Amino acid sequence: MDALKALVLYLIMLQTSKITATNATDEEWKTATATYTKDKEGSITIEGACGYGDLHRATYGKYSAGLSSMLFNKGSTCGACFEVRCVDHILWCLQGSPSIILTATDFCPPNYGLSADYGGWCNFPKEHFEMSEAAFTEIAERKADIIPVQYRRVKCERKGGLRFTASGSFHFYQVLITNVGLDGEVVAVKVKGSRTGWIPMARNWGQIWQSNVTLLDSLFLLKSLLAAEEHSHLTMLHQQTGNLIKHSRANNSSMKDFQVPV
């Protein structure tokens, strides 16, 4: 059995988009629709398309949502935060149009066998949120099937720092990055072994990143680029040393969580 390997996490270039540099109320409201799944506990996507697993453990809980393909953008929107409110429906919207903050955690697949106005809510190019019943009832009446909403991207407020769940074997290295604040998105990840240069990691699915390289018996670094927009307003540098992956010839894959304060 190989010994635990030390890992230095080198996180640089934490870029924030224009929405993180301004007050959330400066972002323009856009129109969409919303429905809910009949899940009173709020864990609507335990194994959703972003790879977060148990949403309560990932800190997203009931305030999570599946997005139509127009918003999901092939997984790149995973982790982004949206303020959503019910509007323009006196029967379904709660008085005062209260808003909630949702995190993108799943994909709402299209159903082209149904009309976009009757059941095919997530058909392209519709902009649609599928949320938990618990979250839905904070902005609208439960008996509503579908409601008109306004939404806007907002800053993600997270506690406890970035969270990394890593796994690997003799032939690949994989990492899930969660609890991302500010813009909420991870747009690029690179890994560097002590015997290699920087190697781009590919988005496996959602916010799970993978590299098919062998990094056993070497010290390695991880570099993540966080943000969604073209404007860079902040650069932050973090370094963390700790045990990450236990490589064993008897068990080629193991997982380890660790956090980086921000």
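The values are calculated or read from the model by the stated rules, or taken from the named source; none is laboratory data. The structure displayed is predicted, hence computed values, not measured ones. Cβ sites come from the backbone with ideal geometry, for glycine too, and all protein chains shown count toward neighbours.
Against the conditions (1) buried (at least 20 other Cβ atoms within 10 Å of the Cβ); (2) farther than 18 Å from S69 by Cβ; (3) assigned by TED's automatic domain parsing to the domain that holds I208, F172 satisfies every one except (1).
Taking A140 as the residue in question, decide whether it is more than 20 Å from S69 (Cβ to Cβ), in the same structural domain as T214 (by TED's automatic domain parsing) and touching a Leu at 6+ places or on another chain (Cβ under 9 Å). When the stated conditions are applied, A140 does not pass them. Of P110, P98, all but one fail to be assigned by TED's automatic domain parsing to the domain that holds W29 and in contact with a Phe, Trp or Tyr (Cβ under 7 Å, 6 or more places away or on another chain); the exception is P110. Scanning the range 82-115 for residues that are among the hydroxyl-bearing types (S, T, Y), assigned to a loop (DSSP other than H, G, I, E, B) and over 14 Å from A144 (Cβ atoms) turns up just one, Y112. The test for being in contact with a strand residue (DSSP E or B) (Cβ under 6 Å, 6 or more places away or on another chain), assigned to a strand (DSSP E or B) and of a type in the set (F, W, Y) does not hold for F72. Against the list (1) under 23 Å from L182 (Cβ atoms); (2) touching an Asp or Glu at 6+ places or on another chain (Cβ under 9 Å), the condition C93 fails is (1).
For the range 158-190, the candidate set comprises residues that are charged (D, E, K, R) and touching a strand residue (DSSP E or B) at 6+ places or on another chain (Cβ under 8 Å); within that set, the residue that is nearest to G79 (Cα to Cα) is E185. For the residues G79, G113, the requirement of being more than 12 Å from A32 (Cβ to Cβ) and surrounded by 24 or more Cβ atoms within 10 Å (Cβ to Cβ) singles out G79.
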